[in-house]
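Student: If you scroll down you'll find the structure; I have some questions about it.
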Amino acid sequence: EPEVTQTPSHQVTQMGQEVILRCVPISNHLYFYWYRQILGQKVEFLVSFYNNEISEKSEIFDDQFSVERPDGSNFTLKIRSTKLEDSAMYFCASKAQYYTEAFFGQGTRLTVV
Amino acid sequence: QKEVEQDPGPLSVPEGAIVSLNCTYSNSAFQYFMWYRQYSRKGPELLMYTYSSGNKEDGRFTAQVDKSSKYISLFIRDSQPSDSATYLCAMSTGNQFYFGTGTSLTVIP
């Protein structure tokens, strides 16, 4: 069964460092997302990506964040200068069409120390 | 006002019980609705997807949507210990998804 895969599963980084979280969405899906979940809190939208550009972003997704689809399979989230409050689970999701369900990856647990 | 409201629980039931999980929402533009199951420190796993009012059944799971009342439910029949997890409702106007806080469910053998 096709699935969204994310790497790494756990990343520890020092405050101020840059991190790149990687995702391989389901093949032939067209819409891509990043969400995050701070421990004990709800899943929050960060950004959506379609047709090689950002289609929507939240207030959380400030200038420290960027996304890229460097080739036909990968979708990355970069945090330029990590802060302690960036510590969270980051989930990638994809969906085939606009009005279809989204499938999530298993997440990357980011710990900023 | 929160977009999506969900009782966080925790909810504890004996094995074999019928479980009812609920969410309410305020945005009448939401067009489609999902239920996800999430185990600790794992990604949300899609259980049900629906875009119309009424019931949708899949095995032991039934999703119910009442757009007039802005209310959705997930029923789990013959609950099993393996159903112990956090259940998230999510809804969308088309692009991004808005999640509830999740309901923690424990099914006791």
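Student: Those residues that are away from every other protein chain (no Cβ under 14 Å), within 13 Å of the chain's Cα centre (by Cα) and open to solvent by 50 Å² or more (accessible area, probe 1.4 Å), I need them from the stretch B:67-109; list them, please.
Tutor: Answer for the stretch B:67-109, where residues must be away from every other protein chain (no Cβ under 14 Å), within 13 Å of the chain's Cα centre (by Cα) and open to solvent by 50 Å² or more (accessible area, probe 1.4 Å): B:Y71, B:F75.
Student: Output the residues belonging to the stretch B:70-100 that are modelled with pLDDT under 95 and among the polar types (S, T, N, Q).
Tutor: Listed by number, the residues that qualify are B:S92, B:T93, B:N95, B:Q96.
Student: Just give me the residues in the stretch B:25-47 being away from chain A (no Cβ under 11 Å), open to solvent by less than 50 Å² (accessible area, probe 1.4 Å) and outside any strand (DSSP E or B), in sequence order.
Tutor: B:S26, B:N27, B:A29, B:F30
Student: Next up: Of everything in the stretch A:67-113 that's within 14 Å of chain B (Cβ to nearest Cβ) and small (G, A, S), which residue is surrounded by the fewest Cβ atoms within 10 Å (Cβ to Cβ)?
Tutor: A:A96
Student: Considering only the stretch A:24-36, how many residues are open to solvent by 10 Å² or more (accessible area, probe 1.4 Å) and within 9 Å of another protein chain (Cβ to nearest Cβ)?
Tutor: 1
Student: Which members of the stretch B:2-24 meet the condition of being assigned to a loop (DSSP other than H, G, I, E, B) and open to solvent by 80 Å² or more (accessible area, probe 1.4 Å)?
Tutor: Of the residues in the stretch B:2-24, the ones assigned to a loop (DSSP other than H, G, I, E, B) are B:2-3, B:7-10, B:15-18.
Hits for the stretch B:2-24 are B:K2, B:D7, B:P10, B:E15, B:I18.
Student: Would you point out the residue of the stretch A:40-51, among those that are more than 9 Å from chain B (Cβ to nearest Cβ) and not in a strand (DSSP E or B), that is modelled with the highest pLDDT?
Tutor: By that ranking, first place goes to A:N51.
Student: Then there is this: In the stretch A:81-110, what count of residues is obtained for those that are among the aliphatic types (A, V, I, L, M) and assigned to a loop (DSSP other than H, G, I, E, B)?
Tutor: Going through the stretch A:81-110, the residues among the aliphatic types (A, V, I, L, M) turn out to be A:84, A:88-89, A:93, A:96, A:102, A:110.
With the extra rule that they be assigned to a loop (DSSP other than H, G, I, E, B), the set shrinks to A:96, A:102.
Residues meeting the conditions: 2.
Student: Within the stretch A:1-23, which residues are part of a strand (DSSP E or B) and either of a type in the set (F, W, Y) or surrounded by fewer than 19 Cβ atoms within 10 Å (Cβ to Cβ) (or both)?
Tutor: Selection gives A:T5, A:T7, A:H10, A:Q11, A:V12, A:T13, A:I20, A:R22.
Student: Ok, one more. Filter the stretch B:49-69 down to the residues that are modelled with pLDDT under 95 and touching a Phe, Trp or Tyr at 6+ places or on another chain (Cβ under 6 Å) and list them by number.
Tutor: Once the filter is applied, which keeps residues that are modelled with pLDDT under 95 and touching a Phe, Trp or Tyr at 6+ places or on another chain (Cβ under 6 Å), the stretch B:49-69 yields B:T50, B:Y51.
Student: So the check is Cβ under 9 Å with 6+ separation or different chains; which pairs have a first residue in the stretch A:52-69 that's within 18 Å of A:I20 (Cβ to Cβ) and outside any strand (DSSP E or B) and a second one that's of a type in the set (S, T, N, Q) and open to solvent by less than 60 Å² (accessible area, probe 1.4 Å)?
Tutor: Matching pairs, first to second residue: A:Q64/A:S81; A:Q64/A:T82; A:R69/A:T76.
Student: Same structure again: Could you give me the residue pairs with C-beta distances under 9 Å whose first residue belongs to the stretch B:48-66 and is farther than 23 Å from B:N95 by Cβ and open to solvent by 60 Å² or more (accessible area, probe 1.4 Å), whose second residue is outside any strand (DSSP E or B) and at pLDDT 95 or above wherever it lies, and which are 6+ apart or on separate chains?
Tutor: B:R60/B:R77; B:R60/B:D78; B:R60/B:S79; B:R60/B:Q80; B:R60/B:D83
Student: Looking at the stretch B:79-109 only, could you name the residues that are in a loop (DSSP other than H, G, I, E, B) and either free of Cβ contacts under 8 Å to residues at least 60 places away in the same chain or touching a Pro at 6+ places or on another chain (Cβ under 7 Å) (or both)? Reasoning before the result, please.
Tutor: Filtering the stretch B:79-109 for residues in a loop (DSSP other than H, G, I, E, B) gives B:79-80, B:84, B:93-96, B:100-102, B:109.
Result: B:S84, B:N95, B:Q96, B:T101, B:G102, B:P109.
Student: Let me ask something additional. Please state which of the following conditions A:K42 fails to meet, knowing it meets all the rest: (1) over 18 Å from A:K95 (Cβ atoms); (2) in contact (Cβ under 8 Å) with a residue 12 or more places away in the chain; (3) touching a strand residue (DSSP E or B) at 6+ places or on another chain (Cβ under 6 Å).
Tutor: With (1) over 18 Å from A:K95 (Cβ atoms); (2) in contact (Cβ under 8 Å) with a residue 12 or more places away in the chain; (3) touching a strand residue (DSSP E or B) at 6+ places or on another chain (Cβ under 6 Å) applied to A:K42, the lone miss is (2).
The values are calculated or read from the model by the stated rules, or taken from the named source; none is laboratory data. The structure displayed is predicted, hence computed values, not measured ones. Glycine gets a Cβ as well: all are built from the backbone with ideal geometry, and neighbour counts include every protein chain shown. Each accessible area value is taken on the protein alone, full model and side chains, heavy atoms only, with ligands, DNA and RNA left out. Shrake-Rupley method; radii C 1.70, N 1.55, O 1.52, S 1.80 Å.
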